[in-house]
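Asks: Below: one structure in C-alpha coordinates.
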Amino acid sequence: WSSDVCSSDLIAQKEVEHLEELVNNVLVFAKPMEPKIESVDIAKVLEQAAALSEQIIQDKKINVTLDTQDVPAVNVDVAMITDAFVNIIRNAVEAMEEGGLIHIYARSIGSRPPSVLVVVEDDGCGIDDADMPHLYNPFFTKKKYGTGLGLSQVLKIVEVHQGKLEIISEKGKGTKVCVTLPCTK
(Lines give C-alpha, C1' and ligand atoms only; values in the text may rest on other atoms or scores of the structure.)
Protein backbone atom coordinates (compact mmCIF):
# COMPACT_ATOMS: atom_id res chain seq x y z
CA TRP A 1 0.00 0.00 0.00
CA SER A 2 2.65 2.56 0.99
CA SER A 3 4.69 1.95 -2.17
CA ASP A 4 1.59 2.77 -4.25
CA VAL A 5 1.26 6.11 -2.45
CA CYS A 6 4.95 6.93 -3.02
CA SER A 7 4.66 5.91 -6.64
CA SER A 8 1.58 8.07 -7.25
CA ASP A 9 3.24 11.02 -5.45
CA LEU A 10 6.25 10.68 -7.75
CA ILE A 11 4.01 10.53 -10.83
CA ALA A 12 2.09 13.59 -9.62
CA GLN A 13 5.37 15.47 -9.03
CA LYS A 14 6.58 14.56 -12.56
CA GLU A 15 3.28 15.75 -14.05
CA VAL A 16 3.51 19.07 -12.15
CA GLU A 17 7.09 19.56 -13.43
CA HIS A 18 5.92 18.74 -16.95
CA LEU A 19 3.05 21.25 -16.73
CA GLU A 20 5.39 23.95 -15.36
CA GLU A 21 7.76 23.35 -18.27
CA LEU A 22 4.88 23.47 -20.74
CA VAL A 23 3.55 26.77 -19.35
CA ASN A 24 7.04 28.32 -19.31
CA ASN A 25 7.66 27.21 -22.89
CA VAL A 26 4.31 28.57 -24.06
CA LEU A 27 5.04 31.93 -22.41
CA VAL A 28 8.50 32.11 -23.99
CA PHE A 29 7.09 31.07 -27.36
CA ALA A 30 4.22 33.58 -27.22
CA LYS A 31 6.05 36.70 -26.06
CA PRO A 32 7.65 38.99 -28.63
CA MET A 33 11.42 38.84 -28.68
CA GLU A 34 13.58 41.94 -28.59
CA PRO A 35 17.16 40.71 -28.74
CA LYS A 36 19.91 42.69 -27.04
CA ILE A 37 22.46 42.34 -29.83
CA GLU A 38 26.15 42.47 -29.02
CA SER A 39 29.34 41.16 -30.59
CA VAL A 40 30.31 37.88 -28.90
CA ASP A 41 32.70 34.97 -29.23
CA ILE A 42 30.54 32.01 -30.28
CA ALA A 43 33.03 29.61 -28.64
CA LYS A 44 32.14 31.07 -25.22
CA VAL A 45 28.40 30.74 -25.98
CA LEU A 46 28.83 27.09 -26.98
CA GLU A 47 30.96 26.34 -23.89
CA GLN A 48 28.24 27.91 -21.70
CA ALA A 49 25.48 25.92 -23.44
CA ALA A 50 27.45 22.69 -22.92
CA ALA A 51 28.05 23.60 -19.26
CA LEU A 52 24.31 24.25 -18.74
CA SER A 53 23.62 20.80 -20.22
CA GLU A 54 26.32 19.12 -18.12
CA GLN A 55 23.98 17.10 -15.89
CA ILE A 56 22.07 15.42 -18.72
CA ILE A 57 25.38 14.86 -20.59
CA GLN A 58 26.96 13.18 -17.53
CA ASP A 59 23.85 11.11 -16.76
CA LYS A 60 24.11 9.41 -20.16
CA LYS A 61 27.94 9.37 -20.24
CA ILE A 62 27.93 11.34 -23.50
CA ASN A 63 31.26 12.51 -24.95
CA VAL A 64 31.19 16.09 -26.24
CA THR A 65 33.89 17.57 -28.48
CA LEU A 66 34.03 21.28 -29.22
CA ASP A 67 36.00 22.75 -32.15
CA THR A 68 35.71 26.53 -32.59
CA GLN A 69 39.16 27.71 -33.62
CA ASP A 70 39.60 31.01 -35.46
CA VAL A 71 35.91 31.85 -35.73
CA PRO A 72 34.95 35.53 -36.01
CA ALA A 73 32.61 37.17 -33.50
CA VAL A 74 28.86 37.05 -34.12
CA ASN A 75 26.11 39.62 -33.46
CA VAL A 76 23.66 37.95 -31.08
CA ASP A 77 21.67 38.20 -27.89
CA VAL A 78 23.82 35.97 -25.67
CA ALA A 79 20.97 34.68 -23.47
CA MET A 80 18.72 33.81 -26.42
CA ILE A 81 21.42 32.08 -28.47
CA THR A 82 22.66 30.20 -25.39
CA ASP A 83 19.08 28.97 -24.78
CA ALA A 84 18.84 27.85 -28.40
CA PHE A 85 22.06 25.82 -28.19
CA VAL A 86 21.12 24.33 -24.80
CA ASN A 87 17.90 23.11 -26.43
CA ILE A 88 19.78 21.67 -29.42
CA ILE A 89 22.35 19.92 -27.20
CA ARG A 90 19.67 18.45 -24.92
CA ASN A 91 17.73 17.15 -27.92
CA ALA A 92 20.93 15.49 -29.16
CA VAL A 93 21.58 13.86 -25.78
CA GLU A 94 17.99 12.61 -25.53
CA ALA A 95 18.27 11.02 -29.01
CA MET A 96 21.36 9.01 -28.07
CA GLU A 97 22.20 5.83 -26.25
CA GLU A 98 24.52 5.93 -23.25
CA GLY A 99 28.13 6.65 -24.25
CA GLY A 100 27.23 8.47 -27.48
CA LEU A 101 29.18 11.31 -29.10
CA ILE A 102 28.23 14.91 -29.81
CA HIS A 103 30.58 16.93 -31.99
CA ILE A 104 30.05 20.71 -31.93
CA TYR A 105 32.01 22.82 -34.37
CA ALA A 106 31.93 26.34 -35.78
CA ARG A 107 33.34 27.64 -39.07
CA SER A 108 33.48 30.98 -40.84
CA ILE A 109 31.50 30.81 -44.08
CA GLY A 110 30.68 33.17 -46.93
CA SER A 111 31.79 36.72 -47.43
CA ARG A 112 28.55 38.47 -48.44
CA PRO A 113 27.44 38.67 -45.73
CA PRO A 114 30.10 37.02 -43.58
CA SER A 115 28.57 34.38 -41.31
CA VAL A 116 29.44 31.68 -38.84
CA LEU A 117 28.09 28.16 -39.23
CA VAL A 118 27.66 26.18 -36.00
CA VAL A 119 26.97 22.45 -36.30
CA VAL A 120 25.82 20.20 -33.46
CA GLU A 121 26.23 16.65 -34.72
CA ASP A 122 25.17 13.53 -32.82
CA ASP A 123 25.35 9.79 -33.45
CA GLY A 124 21.86 9.21 -32.08
CA CYS A 125 18.75 7.56 -33.47
CA GLY A 126 18.15 10.11 -36.22
CA ILE A 127 14.76 11.40 -37.30
CA ASP A 128 12.13 9.59 -39.38
CA ASP A 129 11.61 11.12 -42.84
CA ALA A 130 7.89 11.34 -42.02
CA ASP A 131 8.64 13.53 -38.97
CA MET A 132 11.04 15.96 -40.71
CA PRO A 133 8.33 18.34 -42.07
CA HIS A 134 6.81 18.68 -38.57
CA LEU A 135 9.97 19.41 -36.54
CA TYR A 136 9.31 23.14 -36.16
CA ASN A 137 5.58 22.81 -35.51
CA PRO A 138 4.68 23.98 -32.01
CA PHE A 139 3.66 21.04 -29.79
CA PHE A 140 5.00 18.36 -32.15
CA THR A 141 7.05 15.88 -30.12
CA LYS A 142 7.92 12.20 -29.96
CA LYS A 143 9.09 12.47 -26.34
CA LYS A 144 7.10 11.11 -23.41
CA TYR A 145 7.50 14.35 -21.44
CA GLY A 146 8.36 16.81 -24.22
CA THR A 147 6.34 19.94 -24.93
CA GLY A 148 7.17 20.09 -28.62
CA LEU A 149 8.14 23.75 -28.31
CA GLY A 150 11.92 23.31 -28.28
CA LEU A 151 12.75 23.42 -31.98
CA SER A 152 10.02 25.97 -32.74
CA GLN A 153 11.65 28.22 -30.10
CA VAL A 154 15.11 27.57 -31.56
CA LEU A 155 13.83 28.50 -35.04
CA LYS A 156 12.22 31.68 -33.69
CA ILE A 157 15.46 32.69 -31.92
CA VAL A 158 17.60 32.02 -35.01
CA GLU A 159 15.22 33.96 -37.26
CA VAL A 160 15.16 36.94 -34.85
CA HIS A 161 18.95 37.05 -35.41
CA GLN A 162 18.61 36.95 -39.22
CA GLY A 163 20.16 33.50 -39.12
CA LYS A 164 19.27 30.16 -40.68
CA LEU A 165 18.46 26.79 -39.12
CA GLU A 166 18.75 23.51 -41.00
CA ILE A 167 18.39 19.96 -39.72
CA ILE A 168 19.98 17.08 -41.60
CA SER A 169 19.11 13.62 -40.31
CA GLU A 170 18.83 10.02 -41.31
CA LYS A 171 16.99 7.44 -39.22
CA GLY A 172 19.53 5.29 -37.37
CA LYS A 173 22.50 7.47 -38.38
CA GLY A 174 22.28 10.58 -36.24
CA THR A 175 21.45 14.23 -36.78
CA LYS A 176 23.21 17.47 -37.69
CA VAL A 177 21.66 20.73 -36.55
CA CYS A 178 23.21 23.61 -38.53
CA VAL A 179 22.81 27.20 -37.34
CA THR A 180 24.14 30.09 -39.43
CA LEU A 181 24.55 33.44 -37.66
CA PRO A 182 25.71 36.83 -38.99
CA CYS A 183 29.22 37.98 -38.12
CA THR A 184 30.13 41.27 -36.51
CA LYS A 185 30.71 43.85 -39.22
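Asks: Roll a 1.4 Å probe over the protein heavy atoms and report the accessible area of Lys164 in Å², nearest 10.
Replies: Spelled out: Lys164, probe radius 1.4 Å, area about 140 Å².
Asks: Right, another one. For Asp67, enumerate residues with amide H under 5 Å from its amide H, sequence gap 5+ or separate chain, H modeled in the peptide plane.
Replies: Ile104, Tyr105, Ala106
Asks: Between Gln55 and Arg107, what length in nm is gained on full extension when 0.36 nm per residue of separation is reduced by their alpha carbon distance?
Replies: Result for the pair: 16.0 nm of gain on full extension.
Asks: Let me ask you something else. In whole Hz, with x marking every Gly and Pro, tabulate ³J(HN,Hα) for the range 43-51 from phi via Karplus 6.51 cos²θ - 1.76 cosθ + 1.60, θ = phi - 60°.
Replies: Using θ = phi - 60°, the values come out as 4, 5, 4, 5, 4, 5, 4, 5, 5 Hz.
Asks: Tell me, in nm to one decimal, what length is gained between Cys178 and Val78 on full extension, where the rule is 0.36 nm per residue of separation less the Cα-Cα distance?
Replies: Residue separation times 0.36 nm, minus the Cα-Cα distance, leaves 34.2 nm.
Asks: Quick query: amide H of Thr184 versus all other amide H atoms, modeled in the peptide plane; which residues come in under 5 Å with a sequence gap of 5 or more or a different chain?
Replies: The answer is Ala73, Val74, Asn75.
Asks: If you don't mind, there's one more thing I want to ask. What do you get when you divide the Cα radius of gyration of the range 46-119 by 2.2 N^0.38 Å, with N the number of residues?
Replies: Cα-based Rg divided by the globular estimate yields 1.18.
Asks: Another question about this same structure. Using the C-alpha atoms of the range 78-125, what convex hull volume per residue, in cubic angstrom, is computed?
Replies: In the range 78-125, the Cα hull volume divided by residue count equals 82 Å³.
Asks: If the limit is 29 Å between Cα atoms, which of Lys36/Lys171; Lys61/Lys176; Lys14/Lys60; Lys36/Lys173; Lys36/Lys60 go over it?
Replies: Check vs 29 Å cut-off fails for Lys36/Lys171; Lys36/Lys173; Lys36/Lys60.
The values are calculated or read from the model by the stated rules, or taken from the named source; none is laboratory data. A quick note: this is a predicted structure, and the numbers were derived from the prediction, not measured. With ligands, DNA and RNA removed, areas are computed over all heavy atoms of the protein, side chains included. Shrake-Rupley method; radii C 1.70, N 1.55, O 1.52, S 1.80 Å.
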